[in-house]
Amino acid sequence: MLRSKKIESDNDIDKEEIQSDKDIYIQKVQIKNSKIQSEAVRDAIDNFSKNNTSESDNVFVKNFPKLILKEYNSMNEYIAKRFKFEWYATRFFDVFSFIYRNHDLLDVYEPRHFIKILLRFIKNNEKIWNINVSNLVDSITICLSRDENKVYFIDENGIPNFYNFFNSQITPIKDKFWIMCREVYNINPSFSECLCYRKLAENVNQIWTETLIGSKKDSEKLSFHIFRMMHRLKLFDKVEFNVYIFYDFTVSKLLSYINTDNLTYTQYLPYLSNIWSGLFSRQGNTFLIDSFDKLTIFAAISSIAVSKEFEITGKIEINKKTKQNLLIIYFTMVAFKIVDCSTKPWLTKVLNEAHDSLQQYIEKPEFAAQTIESQIFIFQNYLKGVVTLKRDFSQQHHEIYTRIGEILTIYPQLKLVSSFLTSHYVYKMLKSLPLNELYSIENLTKIKTFLLDLIMAISDSNYITKLQQEQKLFLYEDITSTCLHMIPLDFVQNVFDSCFFLRADYHILELIDISGKYRFRDYVDLMSLVVSSLNNSNYIDYQKSLKYIELCGTKSSIIPSWSVIPNNNDSISDSTSDSDDSSSERKFDKSIFLHFLSLFTLIFELKFIFGHIHAKGKNTNFMS
């Protein structure tokens, strides 16, 4: 009982003391003397910090002396008078740190005057040394808990100016500074319209053209925070800036990480692909991926994004950005053999990392739960990586490939896509086979099955009709306009021309005398004819399809029914030799069939994924 009365008595004393402190503060600040008012402010900070009540804090800001506030507003005029300048500046920072030592005054109007004074003050180049910068950063971070305050900081370039003003004192508190930086640029999208876009454009250009940020590394990092915000708020069409400077920053920051042995990337590198996806989608965008250097840079950006995205557990949404990343990676693998990797050793590293992530993902149940369209986009990248990066194709992946193939048979419009995917598998199989196993019945049957499926796919009436009417292949209809609009068609054609030129120079090697080689020779001849037809006319007509099927050693009458467009007026002009004609002087190595497989995949990629159906492979050698 006595203890309870003692506590009540102490509380009464505390309340009386708090009220007394407030009364004294109010009385003193009403005296028209700046020295007395300044002492009152200092004493109030000491007393109210101990009591720490929201009532006291409200009394402090609502009764803050206008004379002192005026002096704070005029601080920059005192720069010539060093002592007076430092005296007022030190006391102002004490006041600001006190006001925002907690969240009590965030919703109060009066403290906003101090935010504006702070932002104006740190624009000058005079340094103040006796400031507790760590406490100040803590207070600013609390201040930024309110989005209206973030608007002030963004409009007035508060973070770069803070860095410049306290440059020599930033290093010990770098972590705190970047937390503050993330806080300000993580503004709620609903406040987007409150920002001044003209000022934001000026601020971005100021960071790039002036020495606000002495460290190039920190300048790049700050730029990424700003551009991430602009992407989130969809401001790329509203703010003018030089995208080529941001590209230079991107290259510098990217290479500084991927040229090292870092096992993990800094947190904002995976977000680069999102930023650039937004930049590419700007109205009137003129920045294009039109060189091998740019292509490899964006391949690295996309690879990092894919590696990060496919690491997560749970369902992944295969949206436009994901497809864009996958296609940029894929196109880079198309160009892989014509890129000078000796000057870009990091390229193989990032492509392999992306491949590892895709490989791990397709082994998860979540992959099978994706739509067939999404599975194809993922799996075609995986297969391209297996061939291009010379990766292993395990039994588990063979089972996944078989499952996808079985699903594709349900969709007649995906026959050619199925053959396209299979071509990678057949290529990998033949590449790994010893020569004496090439002519086994089992392997020849696999080649024959692939050829039959391919012939039926490119002679199918549904396929031909869609090409003639829509000029596009099912599944890839909108790829170039939605995901690849930043890669000009002339550069695409240039890449493929170089690839075809590289493929034109193949060697015919002498075979060992094994039965079955003549059947293999016929398959090579037939593959040459089929690929030539696809390159020149996109499809095979009815009469040719029947002839080609018979050349496979199969009667067309026993082939499962498939839809073709008859053409009775067409004659067969392709000449082939009988399968058992041992008098031929031509001799074949498996590299020739691999050559035509490569031509098929290149032609498919050019016509249906990256180019257009009227594009043709140049420098191609179809005569075997």
> Tell me, what is the FRET efficiency for ASP23 and SER49 to the nearest 0.05, using R0 = 25 angstrom and their Cβ-Cβ distance as r?
Replying inline: 0.90
> Which of LEU347, ALA457, PHE236 sits closest to the plus end of the dipole of the chain, meaning its Cα is farthest towards the positive end, when Lys and Arg get +1 and Asp and Glu get -1 on the C-beta?
Replying inline: PHE236
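Listed highest first by mean packing, meaning other Cβ atoms within 10 Å per residue, what order do 526-536, 486-496, 295-305 come in?
Working: 526-536: 21.8, 486-496: 18.2, 295-305: 25.4.
Ranked from most to least packed, the peptides come out as 295-305, 526-536, 486-496.
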> With point charges of +1 on the Cβ of Lys and Arg and -1 on the Cβ of Asp and Glu, referenced to the Cα centre of segment 33-79, which listed residue (PHE48, VAL61, SER74) lies farthest in the positive direction of the dipole?
Replying inline: SER74
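To the nearest 20 Debye, how big is the dipole of segment 13-187 about its Cα centre, given +1 on the beta carbon of each Lys and Arg and -1 on that of each Asp and Glu? Write out the running numbers ahead of the final one.
On the way: 25 positive and 25 negative charges, 150 e Å.
Using only the charged Cβ atoms, the result is roughly 720 debye.
If r is the Cβ-Cβ distance from ALA201 to ASP248 and R0 is 22 Å, what FRET efficiency results, to the nearest 0.05? List each step's numbers first, then the result.
Working: r = 18 Å, r/R0 = 0.82.
Calculated transfer efficiency: 0.75.
Counting Lys and Arg as +1 and Asp and Glu as -1, each charge on the Cβ, what is the dipole of the chain about the Cα centre in debye, to the nearest 20? Please list the in-between numbers first.
Values: 73 positive and 75 negative charges, 244 e Å.
Around 1180 debye, computed over the chain.
Net charge within 13 Å of GLU470 by Cβ-Cβ distance, Lys/Arg positive one each and Asp/Glu negative one each, not counting GLU470 itself?
The answer is 0.
Test of understanding: what is the full-extension gain from TRP87 to ARG403, defined as 0.36 nm times their sequence separation minus their Cα-Cα distance? Intermediate results must be reported in sequence, preceding the final value.
Details: separation 316, 0.36 × 316 = 113.76 nm, distance 7.64 nm.
Additional length available on full extension: 106.1 nm.
Can you work out D for segment 166-306 in µm² s⁻¹ from Stokes-Einstein, where Rh is the Kirkwood radius over C-alpha pairs, the temperature is 4 °C and the viscosity is 1.567 mPa s?
On the way: Rh = 16.1 Å.
Answer, rounded: 80 µm²/s.
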> So how do CYS499, CYS341 line up by other beta-carbon neighbours within 10 Å, fewest first?
Replying inline: CYS341, CYS499
> Given q = 0.11 Å⁻¹, what are the Debye log10 I(q)/I(0) values for the chain, with equal point scatterers placed on the Cα positions and solvent ignored?
Replying inline: -1.04
>> Within a 10 angstrom radius of the beta carbon, how do ASP237, ASP94 rank from fewest other beta carbons to most?
In response: ASP237, ASP94
> To the nearest 0.05, how large is the calculated FRET efficiency for TRP129 and LYS66 if R₀ is 25 Å and r is the Cβ-Cβ distance?
Replying inline: 0.30
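If packing is taken as the mean number of other Cβ atoms within 10 Å per residue, what is the order of 385-397, 410-422, highest first?
Numbers: 385-397: 15.3, 410-422: 18.9.
Descending mean neighbour count gives 410-422, 385-397.
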>> Just to compare against my own numbers: the Cα pair-distance distribution for segment 13-187, 10 Å bins, whole % per bin, please.
In response: 9, 38, 36, 15, 2
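Using the Cα centre of segment 317-471 as the reference point, and only Cβ charges (+1 on K/R, -1 on D/E), how large is the resulting charge dipole? Debye, rounded to the nearest 20.
Numbers: 17 positive and 15 negative charges, 87 e Å.
Here the size comes out at about 420 debye.
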>> Could you list HIS614, HIS424 so that the one with the fewest beta carbons within 10 Å of its beta carbon is first and the one with the most is last?
In response: HIS614, HIS424
> How far apart, in nm, are the 7 Å Cα→Cβ label points at PHE287 and ARG112?
Replying inline: 3.4 nm
>> Can you give me the angle between helix 517-537 and the longest principal axis of the chain, using Cα atoms only, in degrees from 0 to 90, rounded to the nearest 10?
In response: 60 degrees
>> Run the simple label-point estimate for GLN360 and GLN30 please: 7 Å along Cα→C-beta, distance reported in nm.
In response: 7.0 nm
>> Along the Cα→Cβ direction, 7 angstrom out, place labels at TYR268 and ASN186. What is the inter-label distance in nm?
In response: 1.4 nm
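Which pairs break 20 Å Cα to Cα here: LYS217/LYS323; LYS547/LYS590; LYS35/LYS127; LYS28/LYS62?
Numbers: LYS217/LYS323 31 Å; LYS547/LYS590 24 Å; LYS35/LYS127 24 Å; LYS28/LYS62 14 Å.
Table pairs above 20 Å Cα-Cα are LYS217/LYS323; LYS547/LYS590; LYS35/LYS127.
Rg/Rh for segment 284-431 to two decimals, with Rh computed the Kirkwood way over all alpha-carbon pairs. Walk me through the numbers before you get to the answer.
On the way: Rg = 15.4 Å, Rh = 15.9 Å.
Result for segment 284-431 is an Rg/Rh of 0.96.
Where a number appears in this text, it was derived from the coordinates with a stated rule and is not lab data. This is a predicted model, so every value here is computed, not measured. In this analysis, Cβ positions are derived from the backbone assuming ideal geometry, glycine residues included, and neighbour counts consider all displayed protein chains.
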